[in-house]
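Data block below; observations after.
The values are calculated or read from the model by the stated rules, or taken from the named source; none is laboratory data. Not measured: the values here are computed from a predicted model. Backbone-built Cβ (ideal geometry, glycine too); neighbour counts: all protein chains shown.
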Amino acid sequence: MTQSAFFVLTALTDEPRHGYGILQEVEELSEGRVELRVGTLYGVLDRLTADGLIALDREEVQQGRLRRYYRLTDEGLAALDEEAERMAAGARAASRRIAARRAAPGAAPGLAGGTA
């Protein structure tokens, strides 16, 4: 799962959102590290819809423009949960390795004592 897809799914966990709302939520959730462009977002939305991970919730006309709201499906929630656990397991493994290296006699300069 791409980082963009991960954050789009995460943005839809609590409520359906339209494109601009998803962009804002992704930026907030990622603390500004992920800035999706509109073209990229709609490519991700199309792929997630085709995969059954999200679905069109409703369409509304706002100021003469059509807004499509997307919602997370049960399959999308399961995929997000699995990916979040995979990422967490990877982070735990990396943290264990980092701690072991820092604690090892003759640890690489810059890592001993937690300084870099």
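Among all residues of region 81-101, there is none that is at pLDDT 95 or above, under 18 Å from Pro16 (Cα atoms) and surrounded by 13 or more Cβ atoms within 10 Å (Cβ to Cβ). If I filter region 67-80 for residues that are within 15 Å of Thr2 (Cα to Cα), among the hydrophobic types (A, V, I, L, M, F, W, C) and in contact (Cβ under 8 Å) with a residue 12 or more places away in the chain, do I get at least one hit? Yes, because at least one residue in region 67-80 is within 15 Å of Thr2 (Cα to Cα), among the hydrophobic types (A, V, I, L, M, F, W, C) and in contact (Cβ under 8 Å) with a residue 12 or more places away in the chain. For region 66-92, a residue qualifies if it is farther than 15 Å from Val8 by Cα and of a type in the set (A, V, I, L, M), and the qualifying residues are Leu66, Met87, Ala88, Ala89, Ala91.
For region 30-52, state whether one or more residues are in contact (Cβ under 8 Å) with a residue 40 or more places away in the chain, among the hydroxyl-bearing types (Ser, Thr, Tyr) and out of contact with any Phe, Trp or Tyr (no Cβ under 6 Å at 6 or more places or on another chain). So that I can check it myself, show each step before the final result.
Applying the first criterion (in contact (Cβ under 8 Å) with a residue 40 or more places away in the chain) to region 30-52 yields 44, 47-48.
With the extra rule that they be among the hydroxyl-bearing types (Ser, Thr, Tyr), the set shrinks to none.
No.
A count restricted to region 34-59 and to residues that are modelled with pLDDT of 95 or more and farther than 21 Å from Ala79 by Cβ stands at 2.
Kindly evaluate Arg67 against the criterion of being within 18 Å of Gly19 (Cα to Cα), of a type outside the set (A, V, I, L, M, F, W, C) and surrounded by 12 or more Cβ atoms within 10 Å (Cβ to Cβ).
Numbers: within 18 Å of Gly19 (Cα to Cα): yes; of a type outside the set (A, V, I, L, M, F, W, C): yes; surrounded by 12 or more Cβ atoms within 10 Å (Cβ to Cβ): yes.
Yes: the conditions hold for Arg67.
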